[in-house]
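Remarks on the structure that follows.
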């Protein structure tokens with residue numbers, strides 16, 4: 001084993017140990033659901049074991065088959081689905097009662113992350129600042145701010161993992177001064193999967209698509225150019241898909257948040273804030289929605305708490 005390989009193995013082992021302590025040793029770290037789990041684990045027919053408001057305040061450790069939890073109005077196809085599917089397949093081997101422990105998702109996410117992290121370490125092994133890059137990446141990427149997402153059903157793990165793979169490919173292309181057929185194929189694949197992870201990635205997806213067209217000119221291979229052209233079109237299409245298929249409830253929630261935050265900035269108390277919001281959305285006598293003002297159609301559990309309490 002070369003010296004580079006030994007150092008890479010040491011850093012990777014340290015990352016695995018840090019993640020294992022956070023994700024699998026009690027008390028585990030994780031994140032409470034804020035409504036996004038409907039888009040991932042809900043799509044596969046699973047829901048939280050403990051129903052009610054506690055689901056949105058605490059980490060739910062178990063998810064059980066529950067077709068009623070699914071809400072197609074909140075669903076949007078994304079690149080987190082492969083990780084959810086892998087966790088459900090693995091769960092069939094380790095679960096005795098059919099319930100999915102959140103640490104199974106953490107294991108799948110952590111394994112994929114370590115593979116992406118190893119790729120990033122490998123492409124930077126010849127950099128002069130390698131020790132600084134490797135130690136900085138180890139400290140930052142194993143921080144609980146990232147690790148907590150592995151024990152969850154959010155789409156952030158997919159976004160992080162595919163971004164690391166995309167970053168590693170960018171480093172490899174920059175180091176080589178160009179890209180061959182395999183390099184452009186990997187670049188296109190990681191870009192598409194990263195864009196599909198979250199709707200927020202769509203704007204940068206447009207830039208990646210245009211850059212990939214330019215990347216086609218950096219290779220003499222006709223096949224690589226065709227792959228780059230197809231990849232660029234795929235990135236633009238994925239960005240458009242993300243925007244076009246974003247759930248209506250999600251858009252309304254963002255609108256509500258912007259309006260309420262704007263009112264809140266000019267209000268001294270919660271009562272005044274709620275009063276102003278009521279005056280905007282309702283008629284003063286009937287308290288029904290005023291003409292021309294459509295209140296966001298939030299699910300019951302996402303509606304704001306009553307004002308004045």
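Sort 21, 238 by Cβ crowding within 10 Å, fewest neighbours at the top. Let's see the in-between values first.
On the way: 21 13, 238 24.
Listed from fewest to most nearby Cβ atoms, that is 21, 238.
Ranking request for peptides 190-196, 129-135, 7-13, 146-152: highest mean number of other beta-carbon atoms within 10 Å first, then the rest in descending order. Working shown, then result.
Working: 190-196: 25.3, 129-135: 13.7, 7-13: 15.3, 146-152: 22.6.
Going from most to least packed, we get 190-196, 146-152, 7-13, 129-135.
Ranking 109, 50 by Cβ neighbours within 10 Å, fewest first, what do you get?
On the way: 109 28, 50 12.
Least to most surrounded, the residues fall as 50, 109.
To make sure I understand, if each residue's beta carbon is the centre and we count other beta carbons within 10 Å, what order do 246, 235 fall in, fewest to most?
On the way: 246 14, 235 28.
Ascending number of Cβ neighbours within 10 Å: 246, 235.
Over the range 22-102, what is the mean sequence separation of C-alpha contacts under 8 Å (at least six apart), divided by residue count, expressed as relative contact order in percent? Write down the numbers at each step before the final one.
Details: 98 pairs, mean separation 25.0, N = 81.
RCO, the range 22-102: 31 percent.
For the range 200-220 and the range 63-99, compute the distance between their C-alpha centroids and round to whole Å.
First find each Cα centre; the distance between them is then 33 Å.
Using a/c under 1.5 as the rounded threshold, could you call the range 88-139 rounded, prolate or oblate? The axes a ≥ b ≥ c are square roots of the C-alpha gyration tensor eigenvalues, and prolate needs a/b larger than b/c, oblate otherwise.
Taking the square roots of the gyration eigenvalues as a ≥ b ≥ c, the range 88-139 is prolate.
For the range 178-246, what relative contact order do you get, as a whole percent, if you take Cα pairs closer than 8 Å and at least 6 residues apart?
Values: 89 pairs, mean separation 31.1, N = 69.
That works out to 45 percent.
All of the numbers you see were taken from the coordinates with simple rules; none came from a lab. Worth saying up front: this structure is predicted, and the values here are computed from it rather than measured. Backbone-built Cβ (ideal geometry, glycine too); neighbour counts: all protein chains shown.
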